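Enquirer: My structure is below; once you've seen it, I'll send some questions.
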Amino acid sequence: MSLWFSFFFLFSYFFSPLADLVKLAGLLFASLTAWYLGYLFAVFVPKETITTSIANLQDIGKKPVLRAPVPKRQKCDHWSPCSPGNYAYRILSGGGKQKLAKICFEDELLISNEKGNVGNVLTYYHSGEMMTFIKNAPKGSLLLMATQDDGSTRLKNDAKKLIEELGSKEIWNMKFRSSWAFIAAKGFRLPDNIQKEKINHSDKKKNRYGDWPAEIQIEGCIPGNLI
């Protein structure tokens, strides 16, 4: 047993340097091979391909950024478009001294601060002229109304009755500085499923603009075949 142990010990001792030389030679060969392959890659592969490959590797793991498309603007700033053949409208009452009334029909501002015609309030001193205008409107007309500041104090009862005949359910409920918007048809009937009228009364505990309540608006689409 002692002889076998000695033989094993001598074998390990004399063959260890040889194994190291084999490992060193293998490392040198691998290094030279890698350098040569890298040289061939640099010579024969176009630079653009290398740049693209590096960029693609850098992009791995990056999450794509999804951007929602900018919504297309609709007539009278509706959220969704009216169907073809329909007319878009939006009526916005005034709210305080700075929030002036607006009336838009088919993307045209009929009354607005930009048009400079908001301050001409008929109900203050021209209730009779308002009645004349309504009576003279031909059949097939759309009548769009909104308040700015106060539209009730000087509005005569005969004018209120005329507006009631057009379909208003709130005209007799108008109070000082009530915000009111209304659309009516003369000579035909508007669909039941569209917004025709809305009112908001002044309340010092709830007013948005001091002595003025918040503005209100109605909007919708009117089928063109009704007229």
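The values are calculated or read from the model by the stated rules, or taken from the named source; none is laboratory data. Bear in mind that the values here come from a model prediction, so they are computed numbers and not experimental data. Cβ: placed from backbone, ideal geometry, glycine included. Neighbour counts: every protein chain shown. Each accessible area value is taken on the protein alone, full model and side chains, heavy atoms only, with ligands, DNA and RNA left out. Shrake-Rupley method; radii C 1.70, N 1.55, O 1.52, S 1.80 Å.
Enquirer: Taking the stated definitions as given, is residue 215 in contact (Cβ under 8 Å) with a residue 40 or more places away in the chain, in a loop (DSSP other than H, G, I, E, B) and within 22 Å of residue 74 (Cα to Cα)?
Expert: Against the criterion (in contact (Cβ under 8 Å) with a residue 40 or more places away in the chain, in a loop (DSSP other than H, G, I, E, B) and within 22 Å of residue 74 (Cα to Cα)), residue 215 qualifies.
Enquirer: Answer yes or no as to whether residue 222 is within 34 Å of the chain's Cα centre (by Cα) and aliphatic (A, V, I, L, M).
Expert: yes
Enquirer: Restricting the search to region 100-117, which residues are in contact (Cβ under 8 Å) with a residue 24 or more places away in the chain and touching a Lys or Arg at 6+ places or on another chain (Cβ under 9 Å)?
Expert: Correct list: 102, 103, 104, 105, 106, 107, 110, 111.
Enquirer: Here is a follow-up. Counting only residues that are farther than 27 Å from residue 82 by Cα and touching a helix residue (DSSP H, G or I) at 6+ places or on another chain (Cβ under 6 Å), give me the helices (runs of 4 or more DSSP H) lying completely in region 109-195 with at least 2 of them.
Expert: Because the criterion is at least 2 residues that are farther than 27 Å from residue 82 by Cα and touching a helix residue (DSSP H, G or I) at 6+ places or on another chain (Cβ under 6 Å), the helices (runs of 4 or more DSSP H) in region 109-195 that meet it are 127-136, 157-165.
Enquirer: Give the residue that is nearest to residue 103 (Cα to Cα), with candidates limited to residues of region 52-86 that are among the β-branched types (Val, Ile, Thr) and modelled with pLDDT of 60 or more.
Expert: Going through the qualifying residues, I end up with 70.
Enquirer: A further question on this structure: Show the residue pairs meeting these rules: Cβ distance below 8 Å; 6+ apart or different chains; first residue within region 135-151 and free of Cβ contacts under 8 Å to residues at least 40 places away in the same chain and crowded, with 22+ Cβ neighbours inside 10 Å; second residue assigned to a loop (DSSP other than H, G, I, E, B) and of a type outside the set (Gly, Ala, Ser).
Expert: 151/121; 151/174
Enquirer: Can you tell me which residue within region 152-176, out of those that are of a type in the set (A, V, I, L, M, F, W, C) and open to solvent by 80 Å² or more (accessible area, probe 1.4 Å), is nearest to residue 93 (Cα to Cα)?
Expert: Looking at residues that are of a type in the set (A, V, I, L, M, F, W, C) and open to solvent by 80 Å² or more (accessible area, probe 1.4 Å), I get 176.
Enquirer: Could you run through region 87-104 and say how many residues are surrounded by fewer than 19 Cβ atoms within 10 Å (Cβ to Cβ) and at pLDDT 90 or above?
Expert: 1
Enquirer: Now, a different point. Give all pairs with beta carbons closer than 7 Å in which a residue from region 65-76 that is surrounded by 10 or more Cβ atoms within 10 Å (Cβ to Cβ) meets a residue that is part of a loop (DSSP other than H, G, I, E, B) and among the hydrophobic types (A, V, I, L, M, F, W, C); count only pairs at least 6 apart in sequence or on separate chains.
Expert: 75/82
Enquirer: Please pick out the residue among 202, 179 that is open to solvent by less than 40 Å² (accessible area, probe 1.4 Å), on the phi < 0 side of the Ramachandran plot and not β-branched (Val, Ile, Thr).
Expert: After applying the criteria, what remains is 179.
Enquirer: Can you give me the number of residues within region 154-197 that are free of Cβ contacts under 8 Å to residues at least 24 places away in the same chain and more than 32 Å from the chain's Cα centre (by Cα)?
Expert: Summing the residues that are free of Cβ contacts under 8 Å to residues at least 24 places away in the same chain and more than 32 Å from the chain's Cα centre (by Cα) in region 154-197 gives 7.
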